[in-house]
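K.L.:
One structure follows; several queries about it will come next.
The values are calculated or read from the model by the stated rules, or taken from the named source; none is laboratory data. Source: prediction; values computed, not measured. Positions of Cβ are backbone-derived with ideal geometry, glycine not excepted, and every protein chain shown enters the neighbour counts. Side chains included, ligands, DNA and RNA excluded: accessible areas come from the protein's heavy atoms. Shrake-Rupley method; radii C 1.70, N 1.55, O 1.52, S 1.80 Å.
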Amino acid sequence: RIHKREPHLIKLEKEAVVYGRIHTSGVHVPVPRVLLLDTSKTLIPYNYILINKVKGTDLDELWEKLSMKKRKEISFHLGTTIAELHKIRFRHFGGIVAPEKRYPSWDAYINEKLHEFLKNHRSYGDVPAHLLTGIERLYKKTRPLLKMVKQPVLLHGDLHRENIKIHHDRISGIFDFEWAFAGHNEYDFKNIMPQSKKEKLLQEEILAGYQSVHPLLRGFRERIKLYVIINCLDFLEANYLHWGNYKHYRKKYLMNIEKELE
């Protein structure tokens, strides 16, 4: 992998640390091994990482070809795999490698992240004011449930089907930990649990698999609404700043926010 985009961010160095941590932790999460990390920029003008090839096909490529039975089995397995990942614990919230910022509590992390997004989107003018107000109300309502969170764990940070490989109907690889950080275990469900998702049954299969290994804290359904919204604000900012401010992306994520605020 070659780090061309956003070279100011620490990505491949973090991935190397995370892959190493997973392999030495003893958890059952299939990730590649790092063969080489080069940040010297002497061979090419970018940081790059070499990892071993993992057998399998991207889940995103396979998904439409799978039967519902296979989708349910893989969804359940994904839940158990995420729960295994969350067995890796940290003593702080936030960044994993220097100079990433660390936080004394989960509430402090969410408070700063959310209000930075709200401030930015007021400046961009891409999110209607009534939605921003609704998000602030939801945050105030949910904040006591954020303060219940005490244990930071390793989060993938970007769980999508294209970051998962399947071999013989089983998960053979989890990739792209460039957005990994230490946080609340439920935050890894922000891409999985939007209410706008059509496959509600498969969401429940993932949760069932997860809870077969790790119980969820009281207030999950309330907190996940806020986590999904923060994720949407993140994508809306990326669309505004980097993707060309496409209307269809904006419509999609604004609709998702509205669904969570209903």
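K.L.:
What lysines could a cross-link reach from Lys41, if we take a straight Cα to Cα line under 16 Å and drop same-chain neighbours fewer than 8 places away?
P.N.:
Correct list for Lys41: Lys4, Lys11.
K.L.:
Could I ask something else about it? Hey, got the Cα dimensions of region 1-103 along the principal axes, in Å, largest first?
P.N.:
Projected onto its principal axes, the Cα set of region 1-103 covers 48, 35, 23 Å.
K.L.:
If you don't mind, another one. Please check which bits of region 240-262 a label hung off Arg221 would reach, taking the label as a point 7 Å along Cα-to-C-beta and the cut-off as backbone N under 16 Å.
P.N.:
Answer for this model: 260-262.
K.L.:
Would you list the membrane-span-like helices of the chain, meaning whole DSSP H runs whose alpha-carbon atoms span at least 15 Å along their axis and whose mean Kyte-Doolittle value is at least 0.0?
P.N.:
220-238
K.L.:
Enter the accessible area per residue of region 190-262 (Å², integer; probe 1.4 Å; all protein chains in place).
P.N.:
Working: 3930 Å² over 73 residues.
Heavy-atom SASA per residue in region 190-262 reads 54 Å².
K.L.:
To continue, here is another question. What is the extension gain from Leu254 to Ser123, computed as 0.36 nm multiplied by their sequence separation minus the C-alpha to C-alpha distance, in nm to one decimal?
P.N.:
45.5 nm
K.L.:
In square nanometres and to one decimal, what's the mean projected area of the convex hull around the Cα atoms of region 156-262?
P.N.:
Convex hull of Cα atoms, orientation-averaged projection: 7.9 nm².
K.L.:
In the chain, carbon and sulfur make up what percent of the accessible area (probe 1.4 Å)?
P.N.:
53
K.L.:
Using all Cα-Cα distances in region 59-133, what percent lands in each 10 angstrom bin from 0 up to the longest?
P.N.:
Whole-percent P(r) values from 0 Å outward: 14, 23, 22, 33, 7.
K.L.:
Straight-line reach from Lys87: which lysines fall under 18 Å, measuring Cα to Cα and dropping same-chain residues less than 8 apart?
P.N.:
Within the straight-line limit of under 18 Å, Lys87 reaches these lysines: Lys150.
K.L.:
Provide the per-residue ³J(HN,Hα) series for region 167-176, in order, calculated from phi with Karplus coefficients 6.51, -1.76, 1.60 and θ = phi - 60°, each as a whole number of Hz, with x at glycine and proline positions.
P.N.:
For region 167-176, the Karplus curve yields 9, 6, 6, 10, 5, 10, x, 10, 10, 6 Hz.
K.L.:
Related question: Relative contact order of region 1-119, please, whole-number percent, based on alpha carbon pairs below 8 angstrom and at least 6 residues apart. If you can, show how the numbers build up before the last one.
P.N.:
Working: 95 pairs, mean separation 26.0, N = 119.
Result for region 1-119 is 22 percent.
K.L.:
Here is a follow-up. Would you kindly work out the equivalent ellipsoid of region 156-202 from its C-alpha gyration tensor and give its semi-axes, the square roots of five times the eigenvalues, largest first in whole Å? Display every interim value, and only then the final one.
P.N.:
Values: eigenvalues 68, 63, 14 Å².
Whole-Å semi-axes of the equivalent ellipsoid: 18, 18, 8.
K.L.:
Straight-line reach from Lys69: which aspartates and glutamates have a Cα under 19 Å away, not including same-chain ones fewer than 8 places off?
P.N.:
Qualifying aspartates and glutamates at Cα under 19 Å: Asp58, Asp60, Glu61, Asp169, Glu199, Glu204, Glu205.
K.L.:
Okay, moving on. Could you state the per residue volume, in Å³, of the convex hull enclosing the Cα atoms of region 68-182? Let's see the in-between values first.
P.N.:
On the way: hull volume 18.3 nm³, N = 115.
Residue-normalised Cα hull volume stands at 159 Å³.
K.L.:
Please work out which option in [x] 56, 44, 31; [y] 49, 48, 38; [z] 57, 35, 29 gives Cα extents along the principal axes in Å calculated from these coordinates, and answer with its label.
P.N.:
Label of the calculated value: [y].
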